[in-house]
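Trainee: I have a structure here, written as structure tokens, and I will follow up with some questions on it.
The values are calculated or read from the model by the stated rules, or taken from the named source; none is laboratory data. Just so you know, these numbers come straight off a predicted model, no measurement behind them. Backbone-built Cβ (ideal geometry, glycine too); neighbour counts: all protein chains shown.
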Amino acid sequence: MRRPSGGFGQRSHKPQRPASAVAAVAAVTVVAAALLLVACGGSSNKDDDSSKASATSLEASPQTVTTATPGPPPGATLEGFRDVEVGDCFEEITDSPAEDSAVWLVDCADPHDYEAYWITDYLGPGAGRGTSYPGTATVQNFSEQSCFDQFETFVGVRWTLSELDIRAWWPSEESWARADRKVICTVYSESGEQLSGTQRGSAQ
């Protein structure tokens, strides 16, 4: 998938893999001629035990859902990524100028890649309007910890015991300068299969 100004890192809790970290950044794209959208960087994270985490680089094939296809899924609507809300289920756009700033919003009852379960503004060190970017590592650490802290509340089971994994998006240095402070936490299937139905309270 094209990531013109960066990409995303992912981690899972497979025990045989070592821990590492990667950063992510975002791009701005005009969608539907009237909508200016900003995408965030992303990561999947399970930090309960560093021996149970792994990460992919931008050069490697990321461990992520592989079932997405170009074009809209049946019944999908185009949604700006920053407009995604908790409980929204969506698929990424592929092979399109909008892929870094918009998603295909679908009914959670239909097969989908991701479900948003926690959305917050960045509230870590250096937060606030008009401030300088705190640094990728600082923003990433806050974002990943926020996602980890809220996982069990939404899903109903600890992240390390779940069949689901976490992918997070956070502000890049470029989007920060445009007042982007949004952190978006999502769940996806660790197996790479699409999800069906909401994962709220699923205890999977």
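Trainee: Being over 26 Å from G201 (Cα atoms) and among the aliphatic types (A, V, I, L, M), is that true of even one residue in region 139-152?
Mentor: yes
Trainee: I'd like the residue in region 99-120 that is touching a helix residue (DSSP H, G or I) at 6+ places or on another chain (Cβ under 7 Å) and more than 16 Å from V155 (Cα to Cα) and, out of all such residues, is modelled with the lowest pLDDT.
Mentor: Residue satisfying both the conditions and the ranking: S101.
Trainee: Out of R158, R167, I need the residue that is modelled with pLDDT under 95, farther than 18 Å from V84 by Cα and out of contact with any His (no Cβ under 7 Å at 6 or more places or on another chain). Which one?
Mentor: Being modelled with pLDDT under 95, farther than 18 Å from V84 by Cα and out of contact with any His (no Cβ under 7 Å at 6 or more places or on another chain) holds for just one of R158, R167, which is R158.
Trainee: Consider region 102-126. How many of its residues are loosely packed, with under 14 Cβ neighbours inside 10 Å, part of a loop (DSSP other than H, G, I, E, B) and in contact (Cβ under 8 Å) with a residue 40 or more places away in the chain?
Mentor: Here the count works out to 1.
Trainee: Let me ask something additional. Listed residues T198, T186; which is crowded, with 20+ Cβ neighbours inside 10 Å, closer than 25 Å to T77 by Cβ and not basic (K, R)?
Mentor: T186
Trainee: Another question, then. Hey, does region 146-154 have a residue that's of a type in the set (V, I, T), part of a helix (DSSP H, G or I) and modelled with pLDDT of 95 or more?
Mentor: yes
Trainee: For region 134-149, how many residues are under 16 Å from A116 (Cα atoms), in contact (Cβ under 8 Å) with a residue 12 or more places away in the chain and surrounded by fewer than 18 Cβ atoms within 10 Å (Cβ to Cβ)?
Mentor: 1
Trainee: Starting from residues that are buried (at least 19 other Cβ atoms within 10 Å of the Cβ) and within 17 Å of P111 (Cα to Cα), keep the ones in region 80-98 and report whichever is modelled with the lowest pLDDT.
Mentor: If we take residues in region 80-98 being buried (at least 19 other Cβ atoms within 10 Å of the Cβ) and within 17 Å of P111 (Cα to Cα), then I93 is modelled with the lowest pLDDT.
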